[in-house]
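Remarks on the structure that follows.
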Amino acid sequence: MDQRIADLRNKQVVSVKNGCVLGYVYDVEFNLSDGRLTALVLPGKPRIFGIFGREDDIVIPWRDIEVIGKETVLVNTEPAGV
């Protein structure tokens, strides 16, 4: 099944380790030399209602992605602080 990068944006990302919703895909990282996708990027959580900015972005390496579904991405990871 072919997907565009734009199709990945705003998909909900869920950890299969604990069932926790990690966020929504915001961006992707890819290797310029071979054109492969290397990671999904989720925005960090806002600090105190967003007044003090955001935490660091959550980067999910491609090897941790289990399934990309129609509306959800299942990942085998559990970022610190979640």
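Could you sort L42, L37 by accessible area so the largest value comes first, with the probe set to 1.4 Å?
Details: L42 0, L37 45 Å².
Solvent-accessible surface, decreasing: L37, L42.
Taking only protein heavy atoms and a 1.4 Å probe, what accessible area per residue, in Å², does the chain have with all protein chains in place?
That works out to 72 Å² per residue.
With charges set only on the Cβ (+1 for Lys and Arg, -1 for Asp and Glu), what does the dipole of the chain come to about its Cα centre, in debye to the nearest 20? Mind dumping the intermediate values first?
Numbers: 10 positive and 12 negative charges, 41 e Å.
It comes to approximately 200 debye.
Do the sum for the chain: with -39,500 (n - 2.57) for every DSSP H run of n ≥ 4, divided by all residues, what is the mean residue ellipticity at 222 nm, to the nearest 500 deg cm²/dmol?
Numbers: 1 runs with 4 residues, N = 82.
Using -39500 (n - 2.57) per qualifying helix, the result is -500 deg cm²/dmol.
Just add up the charged neighbours of E29: K/R +1, D/E -1, any other residue whose Cβ is under 11 Å from the Cβ of E29. The partial results should precede the final answer.
Working: positive: R36; negative: D27, D57.
My count for the surroundings of E29 gives -1.
Given a 1.4 Å probe and heavy atoms of the protein chains only, how would you sort K17, K11, K45, largest accessible area at the top?
So, going from the largest accessible area down, we get K17, K45, K11.
Calculate how many DSSP beta bridges within the chain are antiparallel, expressed in % of all such bridges and rounded to the nearest 5.
On the way: 15 of 19 bridges.
In the chain, DSSP labels about 80 percent of beta bridges as antiparallel.
Among Q3, V13, I65, which residue has its Cα furthest toward the positive end of the charge dipole of the chain, with +1 on Lys/Arg Cβ and -1 on Asp/Glu Cβ?
Of the listed residues, the answer is V13.
What is the local net charge at S15, summed over the other residues whose Cβ is closer than 13 Å to its Cβ (Lys, Arg +1; Asp, Glu -1)?
-2
Ranked by accessible surface with a 1.4 Å probe, highest first, in what order do T38, T77 come?
The most accessible residue leads, giving T38, T77.
Net charge within 13 Å of E55 by Cβ-Cβ distance, Lys/Arg positive one each and Asp/Glu negative one each, not counting E55 itself?
+1
Name the residue, out of G69, G19, G35, whose mean-square fluctuation peaks in a Gaussian network model built on the chain with Cα pairs under 10 Å.
Result for the chain, Cα springs under 10 Å: G35 fluctuates most.
The values are calculated or read from the model by the stated rules, or taken from the named source; none is laboratory data. None of the values given here were measured: they were computed from a predicted structure. Note that each Cβ is placed from the backbone with ideal geometry, even for glycine, and that neighbours are counted across all protein chains shown. Ligands, DNA and RNA are excluded from the accessible area calculation, which covers all protein heavy atoms including side chains. Shrake-Rupley method; radii C 1.70, N 1.55, O 1.52, S 1.80 Å.
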